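Structure first, commentary second.
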Amino acid sequence: MRYRRLDSTCLNSLLNKPPTHLKAELPRNKPPKLPGSNPPVKSAKVSSSDIVQWNRSVTQHMRQGECDTALRLFNSMPAKSCVSWNAMISGYLLNGRLDLAQKLFDEMPQRDLVSWNIMLSGYIKNKTFGSARMLFDQMPVRDVVSWNTLLSGYAQNGYVDDAKRIFVMMPVKNEISWNGLLATYVQNGRIEEARKLFESKDNWPLVSWNCLLGGYLKKRMLAEARTLFDKMPVKDQVSWNTIISCYAQNDDLEEARKLFDESPIKDVFTWTSMLSGYVQNGMLYEARRIFDEMPEKNEVSWNAMIAGYVQSNRMDLAREFFEAMPCKSISSWNTMITGYAQNGDIMSARRLFHCMPNRDCISWAAIIAGYAHSGNSEEALRMFVEMKRDGGRINRSAFTCVLSTSADIAAFEFGKQIHGRLVKAGYHTGCYVGNALLSMYCKCGSIDEGYDVFQETAEKDAVSWNTLIIGYARHGFGKQALRLFESMKDAGIRPDDVTMVGVLSACGHTGLIDKGMEYFYSMGRDFGITTNPRHYTCMIDLLGRAGRLDDAQNLVKDMPCEPDAATWGALLGASRIHGNTELGEKAAEMIFRLEPWNAGMYVLLSNLYASSGRWRDVSKMRLKMRDTGVRKMPGYSWLEVQNQIHLFSVGDTMHPDSKRIYAFLEELELLMNKEGYVSATKLVLHDVDEEEKAHMLKYHSEKLAVAFAILNVPSGRPIRVMKNLRTGKQSTDTCFLVLPVSRTHEKLLSEATAQKRDE
DNA sequence: ATAGGGTTAG
């Protein structure tokens, strides 16, 4: 703002003329001649005030972003001073042209201290600290400005220790240097050090009071902020705005309002702070009143209002404001896109995304997240690819989102490529990104790579540990999961309820019944964790697998919370394994009551009947499914070969390679029969004839996928087959696949989609 | 005429 004064001066410079009102201030001096007008007088004498006017004009063009015009003026100057060069260099830096600035700096005949200081601040603004430091060391003379420039450069980029060292080394310190150190602490979240520094000295200027006050606001230290505010010898508008924001952001709207009414002047910040406070607290009526009353509105005030409506799912009102908004910014569009996506209106989100004039990385992340959360994983990944093609910077949030999408659909190769991009972008060390990456590898079944990522994640939090523990448990590495749990405790990370789900299921998979019981009963005592239905489900599964059906049943009875469908599902699964039809029926009945749409349970119960030869009940189940309109989601298996997804359903003949696959399987079967293999057809639904049953067992989707893999994956490479159904569970998140190989497979997908919609 | 500090609203 400081550099843009849009008044008549600027308009004059637009017309390529030095400002006229300055002539009046300097009545004796002739205005400099401009290129194209009369050539300079033959006498080579150019007065110094003429040069000043030229310089002023150069600066003004630079402030308007007109580098070319400034350069033309500069080139046509009859005489230049050091300031003329400095003005050009400074102007180039203002317009982001470090290269041109550097060139002029190197070419200039004589440099003064200001030239060096300008260049120093240029390097720092461009974050080239090496060059900045080198320049600083080369400087023939340094003044307090040079030191202050370096100090704030370090501070703004998080180099607190360097900034401190600079401060100590400074031969002369002024008010700005002290404030620089104070700001170093505040900007880097080191509020205690800031407070100590502030208390060590008197007579701070207003700027510094405001600085510390802003620090308290950021840290939500309301009491400290208020004390400081009350002690301030002078208060300006910023001080009032800051203290109002303190209360508004900490949900004390009453006090905020009181100060708001007391504030001697109200500018657009004051009004908007109040407005946002109301929005944050869902007080949209009050927010709307403030909005209507405020004399001056800007982009931020409009956006706050729109965000308020978005948060309360009033997309109709949000849209009304958005359309009425005279000064839409990228964030206005982004807020709307996010809002539509969160409300499940992905079509509107998409429409806005495509017609917005400019997109930033937030826009891309918003639309990708929108697709991902609405189940359009494929489209989400496609957008990510397009984002890369678009060449814009990809932010951490887009990376995280697209990694979790890859994880959802187990797009392993894609996920690995993203990992590569992450490393290139230097983002792989972050905690969020690291956890998303870890989860991607775990969900894709690549637990070793997950472990590597875990090792490399610098800041591990509970989520990191939980993800790997659950990853181990899910893939049958119970012992490793438990070992990791021990290391987690050793590392001083407090286990939470999610950790315990991983631990208990690890015990279940490893058959460690007693250990599981011990953990289960000590959770509350050792870690203060309240048991939830998921823990009970793990325990019932654990006891059930071990054949202790009575204990499992008793545990259900003892539950302090209502058993959910998953809990009964674990009991049903256990009943099936141990052939307890009676208990299975009981569990299934509960599930039907809780989740009548859950087709997986019908199938599970049906299989239970079939395995005990109760064929009449099997057909009853079929009828029940038909009558209630529940349909079993088709089971698919798929794998990725050379960035293409190959998808199979049971007895699939649609894949282009199916002839080869079946021939291969026939060949295998011949070999197996020779070895004396007889297929078990016990668990297949009864009303298909024996031959058909054998066929279904022989050609279930996993088998087709594995056969295809053996034929197509180079030997020595792992084969990774994914499927959408698990026993007793219909996973909805893996049924939409990336890049189907052929039209017929697209048809399969659209059937699956249609069926999901029916439910 | 050219160089250095800060805080407040999404």
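Any read-out appearing in this document is the output of simple, stated calculations on the displayed coordinates, not a laboratory observation. Here the structure is a predicted model, which means the values were calculated and not measured. Heads up, the Cβs are rebuilt from the backbone with ideal geometry, glycines too, and the neighbour counts pull from every protein chain shown.
A few remarks follow.
- Full extension of the chain segment joining A:N343 with A:V234 gains 34.5 nm, where the gain is 0.36 nm per residue of separation less the Cα-Cα distance.
- The phi torsions of the range A:165-173, fed into the Karplus equation with coefficients 6.51, -1.76 and 1.60 and a -60° offset, translate into couplings of 4, 4, 4, 5, 6, 4, x, 10, 10 Hz, rounded to whole numbers, with Gly and Pro shown as x.
- Antiparallel content of DSSP bridges confined to chain A, in %, to 5: 90 percent
- Relative contact order (percent, whole number), the range A:294-443, Cα cutoff 8 Å, 6+ residue spacing: 15 percent
- Segments A:66-76, A:563-573 sorted - mean Cβ within 10 Å per residue, highest first: A:563-573, A:66-76
- Cα-based convex hull, the range A:468-626, per residue volume (Å³, whole number): 107 Å³
- Spin-label pair A:D261/A:S49, simplified geometry with 7 Å Cα→Cβ offset, distance in nm: 5.7 nm
- Full extension of the chain between A:N673 and A:R494 gives 59.0 nm of extra length, using 0.36 nm per residue less the Cα-Cα distance.
- Using a Förster distance of 51 Å, the FRET efficiency for A:D558-A:D251 (Cβ separation, nearest 0.05): 0.80
- For the range A:364-518, alpha-carbon Rg relative to the globular expectation (2.2 N^0.38 Å, N residues): 1.10
- Available extension along the chain between A:I577 and A:D526 is 15.0 nm, counting 0.36 nm per residue and deducting the alpha carbon span.
- Nearest-0.05 FRET efficiency for A:C327 and A:L206, computed from C-beta distance (R0 25 Å): 0.20
- Charge sum, other residues only, whose C-beta stays under 11 Å from A:M88's C-beta, Lys/Arg counted +1 and Asp/Glu -1: +2
- Put in line by how crowded their Cβ is, counting other Cβ atoms within 10 Å and starting with the fewest, A:I346, A:I367 read A:I346, A:I367.
- Applying 1/(1 + (r/R0)^6) with R0 = 51 Å to the Cβ-Cβ distance of A:M625 and A:R393 gives a FRET efficiency near 0.50.
- Sorted ascending by nearby beta carbons within 10 Å, beginning with the fewest, A:Y441, A:Y159, A:Y309 become A:Y159, A:Y309, A:Y441.
- Based on alpha carbons, the Rg and Dmax found for the range A:141-223 are 12.4, 46 Å.
- Taken about its Cα centre, the range A:196-271 carries a charge dipole of about 280 debye when Lys and Arg each add +1 at the Cβ and Asp and Glu each add -1 at the Cβ.
- Short-range pairs are left out: with C-alpha atoms under 8 Å and at least six residues apart, the relative contact order of chain A is 5 percent.
- CD proxy at 222 nm, helix term only [per DSSP H run n ≥ 4: -39500 (n - 2.57); per residue of chain A; nearest 500]: -21000 deg cm²/dmol
- When you count the other C-beta atoms within 10 angstrom of each residue and take the mean per peptide, A:331-339, A:707-715 line up highest first as A:331-339, A:707-715.
- Within the shell of other residues whose beta carbon sits under 13 angstrom from the beta carbon of A:F260, the net charge comes to -4, with Lys and Arg scored +1 and Asp and Glu -1.
- Packing-based exposure ordering (other Cβ within 10 Å, fewest first) of A:E386, A:E299: A:E386, A:E299
- Grouping the Cα pair distances of chain A into 20 Å bins from zero gives a pair-distance distribution of 12, 33, 32, 16, 6, 1 percent in increasing distance order.
- Viscosity 1.567 mPa s, 4 °C: Kirkwood-radius Stokes-Einstein D of the range A:463-560 over Cα pairs, µm²/s: 98 µm²/s
- Tail weight of P(r) past 15 Å, computed on alpha-carbon pairs of the range A:307-349, percent: 30 percent
- Projected label distance in nm at A:C355 and A:D514, using a 7 Å step from Cα toward the beta-carbon: 7.0 nm
- Using equal-weight Cα scatterers in the Debye expression, the normalised intensity of the range A:305-377 in log10 at q = 0.13, 0.15, 0.22 Å⁻¹ is -0.31, -0.42, -0.91.
- Relative contact order [Cα under 8 Å, 6+ residues apart], the range A:430-548, whole percent: 20 percent
- Taking a ≥ b ≥ c as the square roots of the Cα gyration tensor eigenvalues, the range A:51-167 comes out prolate, since a/c reaches at least 1.5 and a/b is larger than b/c.
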